[in-house]
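Asker: Here it is, the structure in full.
The values are calculated or read from the model by the stated rules, or taken from the named source; none is laboratory data. Note that this is a predicted model, so its numbers are computed, not measured. Here the Cβ positions follow ideal geometry from the backbone for every residue, glycine too, while neighbour counts run over all protein chains shown.
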Amino acid sequence: MLAYPDEELIDIIKEVGFECDLCGRCCTNEFNDHVFLLDKDTAWLKKIDPSVIVPAPYYEFCDQNGRFYVSGYALKTKPDGSCTFLTNGRCEIYASRPSICRLYPYMLHYEADEDGNLEWRQIGGLNEHGNYHTDIDDDECKQIASDIKEYEAGYLNQKIAFLSAVDEHFKKKKKLRHVQGAYDREMRRFKKGGEIEVLVFFDGNFESVKLTRGSD
Ligand code: SF4
């Protein structure tokens with residue numbers, strides 16, 4: 001990701017010329033599944049209102065005791081699928097919004113195409129929201145490109161630290177390991193209304209969160 005040519009990224013940003021039209025769609029889970037939080041975002045949100053964060057979905061692992069492990073928190077959504085901070089189509093914390101919200105729709109990571117082939121993706125929801133081909137000056141394009149790489153590096157570092165921490169935790173507890181059968185069983189229980197425990201990676205440690213359907 002870091003070796004991806006800056007010039008190419010800057011050219012794409014310039015050529016796409018994305019401009020937000022304040023439709024608010026990217027702040028809904030219908031459009032963007034979930035808002036993953038870097039640790040620095042989580043730290044700030046914990047201070048202002050811990051109830052707005054939940055374990056990010058798609059937990060990576062589950063041990064044989066039925067405890068899930070996930071690499072970070074996400075923003076909670078309302079029952080209609082919109083972000084907890086979206087009110088009348090506007091962000092209540094716009095000036096302090098999380099890192100990914102500042103960057104979206106820009107990104108730089110591999111994603112599988114329809115045939116399963118991995119390809120670079122630089123813009124999310126292309127042609128599905130906002131305006132295009134607006135003029136973005138060169139300095140702003142450069143800044144956006146630099147911010148994209150900074151965010152993606154932060155995201156990858158958090159994922160790598162999480163994987164190392166899980167590995168260490170499993171080794172320390174000797175017999176702990178990921179068990180797909182336990183994962184599937186606990187997910188079925190959760191969907192039927194049962195409580196599950198998720199260990200969420202934050203600031204180098206795991207935080208235990210108990211969840212039932214509707215509180216996630
Ligand atoms: S925090 Fe603000 S910008 Fe981010 S998804 Fe929520 S409403 Fe949208």
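Asker: Pro50 is checked against (1) touching a residue at least 24 places away in the same chain (Cβ under 8 Å); (2) away from the ligand (no atom under 15 Å from the Cβ) and fails just one. What number does that condition carry?
Answerer: If we test Pro50 against (1) touching a residue at least 24 places away in the same chain (Cβ under 8 Å); (2) away from the ligand (no atom under 15 Å from the Cβ), just (1) comes out false.
Asker: Has segment 187-199 got at least one residue that is acidic (Asp, Glu), without any contact (Cβ under 8 Å) to a residue 40 or more places away in the chain, surrounded by fewer than 14 Cβ atoms within 10 Å (Cβ to Cβ) and part of a helix (DSSP H, G or I)?
Answerer: No, segment 187-199 contains no residue that is acidic (Asp, Glu), without any contact (Cβ under 8 Å) to a residue 40 or more places away in the chain, surrounded by fewer than 14 Cβ atoms within 10 Å (Cβ to Cβ) and part of a helix (DSSP H, G or I).
Asker: In this structure, does Asp39 turn out to be over 18 Å from Arg121 (Cα atoms), in contact (Cβ under 8 Å) with a residue 24 or more places away in the chain and crowded, with 16+ Cβ neighbours inside 10 Å? Break it down stepwise before answering.
Answerer: On the way: over 18 Å from Arg121 (Cα atoms): yes; in contact (Cβ under 8 Å) with a residue 24 or more places away in the chain: yes; crowded, with 16+ Cβ neighbours inside 10 Å: yes.
Judged against the criteria, Asp39 is a match.
Asker: Has segment 56-69 got any residue that is within 16 Å of the ligand (Cβ to nearest atom) and not in a strand (DSSP E or B)? Even if it seems obvious, please write down each step before you answer.
Answerer: So the first thing to find is which residues in segment 56-69 are within 16 Å of the ligand (Cβ to nearest atom), and the list is 56-57.
Now restrict to residues that are not in a strand (DSSP E or B): 56-57.
Yes, because at least one residue in segment 56-69 is within 16 Å of the ligand (Cβ to nearest atom) and not in a strand (DSSP E or B).
Asker: Oh, and also: Under 30 Å from Val52 (Cα atoms), in contact with a Lys or Arg (Cβ under 6 Å, 6 or more places away or on another chain) and in contact (Cβ under 8 Å) with a residue 24 or more places away in the chain: is that true of His129 in this structure?
Answerer: Answer is yes for this residue.
Asker: Of all residues in segment 2-37 being in contact with a strand residue (DSSP E or B) (Cβ under 8 Å, 6 or more places away or on another chain) and aromatic (Phe, Trp, Tyr), which is farthest from the ligand (Cβ to nearest atom)?
Answerer: That would be Tyr4.
Asker: Of the residues that sit in segment 70-96 and are in a loop (DSSP other than H, G, I, E, B) and among the small types (Gly, Ala, Ser), which one is farthest from the ligand (Cβ to nearest atom)?
Answerer: The residue in question is Ser71.
Asker: Now for a different question. Counting only residues that are small (Gly, Ala, Ser) and surrounded by 14 or more Cβ atoms within 10 Å (Cβ to Cβ), which one in segment 97-130 is nearest to the ligand (Cβ to nearest atom)? So that I can check it myself, show each step before the final result.
Answerer: Step one: list which residues in segment 97-130 are small (Gly, Ala, Ser), which gives 99, 112, 116, 124-125, 130.
Now restrict to residues that are surrounded by 14 or more Cβ atoms within 10 Å (Cβ to Cβ): 99, 124-125, 130.
On the way: Ser99: 10, Gly124: 13, Gly125: 13, Gly130: 14 Å.
Result: Ser99.
Asker: Given (1) closer than 17 Å to Arg97 by Cβ; (2) in a strand (DSSP E or B), identify the lone condition not met by Trp44.
Answerer: Trp44 satisfies all of (1) closer than 17 Å to Arg97 by Cβ; (2) in a strand (DSSP E or B) except (2).
Asker: Same structure again: Can you tell me which residue among Tyr183, Tyr155 is closer than 22 Å to Lys46 by Cβ, of a type outside the set (S, T, N, Q) and surrounded by 15 or more Cβ atoms within 10 Å (Cβ to Cβ)?
Answerer: On inspection, the qualifying residue turns out to be Tyr155.
Asker: Then there is this: Do we find that Lys149 is of a type in the set (Lys, Arg) and either within 16 Å of the ligand (Cβ to nearest atom) or within 30 Å of Asp63 (Cβ to Cβ) (or both) in this structure? Spell out how you get there, then give the answer.
Answerer: Details: of a type in the set (Lys, Arg): yes; either within 16 Å of the ligand (Cβ to nearest atom) or within 30 Å of Asp63 (Cβ to Cβ) (or both): no.
For Lys149, the condition - of a type in the set (Lys, Arg) and either within 16 Å of the ligand (Cβ to nearest atom) or within 30 Å of Asp63 (Cβ to Cβ) (or both) - is not met.
Asker: Give the residues of segment 126-140 that are under 11 Å from Phe18 (Cβ atoms) and within 23 Å of the chain's Cα centre (by Cα), sorted by residue number.
Answerer: From segment 126-140, those under 11 Å from Phe18 (Cβ atoms) are 126-127, 129-134, 136; that's our starting set.
Of everything in segment 126-140, those that are under 11 Å from Phe18 (Cβ atoms) and within 23 Å of the chain's Cα centre (by Cα) turn out to be Leu126, Asn127, His129, Gly130.
Asker: Here's another thing I want to ask about it. Restricting attention to segment 66-76, does a residue exist that is within 11 Å of Cys27 (Cβ to Cβ) and modelled with pLDDT of 95 or more?
Answerer: So far as segment 66-76 goes, yes, one or more of its residues are within 11 Å of Cys27 (Cβ to Cβ) and modelled with pLDDT of 95 or more.
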